[in-house]
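Participant: Okay, here's the structure, questions in a sec.
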Amino acid sequence: MGMRWGGGGLESLTFKTRRAMNHPVNLLVVGGSGLIGWHVVRHADGAGHRVTGTYRQAALPGLVPFDGRDERGFAELLQRHRPDAVVHAAGFTWVDGCEDQPERALEENALQPGRLARECRQRGIHFTYLSTSYVFDGREGPYTEDATPNPLNVYSRSKWEGERRVQAASGDGALIARVICVYGAEARGKNFAYQVRRAFTEGATLRLPSDQEGNPSDARDLARWLVALIEQRAAGLWHLGGPRPDCTRPEWARMLAEAFERHGLRRHPQFAVEAVPTDVLRQRAPRPLRAGMLTRRLDLLGLPPGEFGDSIGALLRLDREWFPRGGASRGP
Ligand SMILES: NC(=O)c1ccc[n+]([C@@H]2O[C@H](COP(=O)([O-])OP(=O)(O)OC[C@H]3O[C@@H](n4cnc5c(N)ncnc54)[C@H](OP(=O)(O)O)[C@@H]3O)[C@@H](O)[C@H]2O)c1
C-alpha cells in the first residue's frame, strides 16, 4: 500500500496545501485525456505530486491506455503504479447520447466506477468520483450538498447511481465532487468555450437556452481544488464550481466573446447569440433548468476561483501550446 498523507482537519487545509511538495501524493487519473482529467494530471504534476493518467481512445503522449471494462487491467495498473489516490474523471459524458444508450450510460458512469472504487478500498487507496449537479431536477436551484437529487434524464440517473455505488463500495470514504459547465483547454476541443470560439471566429449564430443556469467553472480551478482535497483524503459530497450559479448560457457566451476579443481574437461580423427558451430547442435529454450549485463547503477552504478573463487567456495559451490545430497531438 502507498504512503499515508494528510490526516489533519479541513481547517488546516490551506496551510497543508502550501506544503504539498513535502507530502507528495502518488495519483492515478482515469480519463487523463479528458477535459477535467488532463487538468488534474497537469496541476498535480506541477504541484510536485507523482501522477499517471490514462486514456481510452485519445492517445496523448505520457498517458497509459486503460478501458474501464478491464478489471484485470485496473488491478495491474494499481500493482504497477502503486497510487495513494485514484481520480475517476471518465465516463459516457454526452448527455443527449446517453438517452439512446442507457445500458452504456449505467455501465460506464455507475458500474465501472463502482468496481474500481471497490478495488481501491481493498488496497486502502483513496477514490474520487466526478459527478454532476444534473442529479438535481433544477426546480429550486442553486443547490447545497444536502439537497435531494431527482434526476431528469438517463445521464443524470446514471451519475446519481454512480455516486451511490462508489460510496457503498468505498465505505463512504470516497470524495464525490459534483461539477457543472466546465471549460478549459482540451484535446478534443468540445467544451462550450470552444463552441463559442468557433462561432465567434467563423461567424455563426448560437441558439442558446435562456433559462438553463449553472456555474461556469474553469477546469484549472477544479484541478486545484480536487488535488487540495485529495491531499487531505477528503470524503463525502463536495460542490465544486465557479462563483456564478445563476449564469445562463447566453450570458456565459457573451462573457466568453468579450474575453476572446480582449485576448485579440477577431469577432466575425456574423457571430450572434440568440437566446430562446429550453422548450424551443428540443434537446433530446430533458435538462434541469436552475442546476447551479452553492459552494459554501468549498468557500471555507480559502482557495478562491481565478478571474474569468485570466482563465480564457490560459485556455487560449494552453490550447496553442498543447493542442495545435485543435488536434490531440501532445499531452501533459
Ligand atoms: N465537463 C463537464 O462540464 C462536466 C459536468 C458535470 C460532470 N462531469 C463529469 O466529470 C467527469 C469528467 O468529465 P469530462 O468533461 O472531463 O469528460 P471528457 O472530456 O468527455 O473525457 C472523458 C474521459 O474519460 C475517458 N473514458 C471514457 N470512457 C471510458 C471508459 N469506459 N474507460 C476508461 N476511460 C474512459 C476518455 O478517454 P478518451 O477520450 O481517451 O477515449 C476521456 O479521457 C465525467 O465523469 C463527467 O460525468 C463533467
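Each reported figure results from applying straightforward, stated rules to the coordinates on display, with no laboratory input. Note that the structure is a prediction, hence the values are computed from the model and not measured. Cβ sites come from the backbone with ideal geometry, for glycine too, and all protein chains shown count toward neighbours.
Participant: Determine which single condition Asp310 fails, assuming it passes every other condition in (1) in contact (Cβ under 8 Å) with a residue 12 or more places away in the chain; (2) more than 21 Å from Glu213 (Cβ to Cβ).
Facilitator: The single condition Asp310 does not satisfy is (1).
Participant: What are the pairs with Cβ atoms under 7 angstrom where one residue, in the range 277-300, is in contact (Cβ under 8 Å) with a residue 60 or more places away in the chain and surrounded by 12 or more Cβ atoms within 10 Å (Cβ to Cβ) and the other, located anywhere, is in a strand (DSSP E or B) and aromatic (Phe, Trp, Tyr)? Sequence gap at least six, or different chains.
Facilitator: As it stands, the answer is Met293/Tyr143; Leu294/Tyr143; Arg297/Trp238; Leu298/Trp238, since those pairs meet every condition given.
Participant: Same structure, new question: Looking at the range 77-133, which of its residues are in contact with an Asp or Glu (Cβ under 7 Å, 6 or more places away or on another chain) and farther than 16 Å from Pro151 by Cβ?
Facilitator: Leu78, Arg115, Ile125, His126
Participant: Going through the range 47-58 one residue at a time, which ones are near the ligand (Cβ under 6 Å from one of its atoms) and surrounded by fewer than 24 Cβ atoms within 10 Å (Cβ to Cβ)?
Facilitator: Arg56, Gln57, Ala58, listed by residue number.
Participant: What are the pairs, 6+ residues apart or on separate chains, where a residue within the range 54-70 that is under 19 Å from Trp322 (Cα atoms) and part of a strand (DSSP E or B) has its Cβ under 8 Å from a residue that is more than 8 Å from the ligand (Cβ to nearest atom) and of a type in the set (Ser, Thr, Tyr)?
Facilitator: Sorted first by the residue in the range 54-70, then by its partner, the pairs are Val64/Thr52.
Participant: Tell me which of these Ala44 doesn't satisfy, since it passes every other one: (1) surrounded by 21 or more Cβ atoms within 10 Å (Cβ to Cβ); (2) without any contact (Cβ under 8 Å) to a residue 60 or more places away in the chain.
Facilitator: Tallying (1) surrounded by 21 or more Cβ atoms within 10 Å (Cβ to Cβ); (2) without any contact (Cβ under 8 Å) to a residue 60 or more places away in the chain, Ala44 fails exactly one: (2).
Participant: Note down all Cβ pairs under 8 Å where the first residue falls in the range 173-197 and is of a type in the set (S, T, N, Q), the second is in a loop (DSSP other than H, G, I, E, B), and they're at least six residues apart or on different chains.
Facilitator: Asn191/Gly184
Each row is one residue, and each column tells you yes or no for (1) near the ligand (Cβ under 9 Å from one of its atoms); (2) surrounded by 22 or more Cβ atoms within 10 Å (Cβ to Cβ).
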| position | (1), (2) |
| --- | --- |
| Val87 | no, yes |
| Gln101 | no, no |
| Glu107 | yes, no |
| Gly124 | no, no |
| Thr148 | no, no |
| Val154 | no, yes |
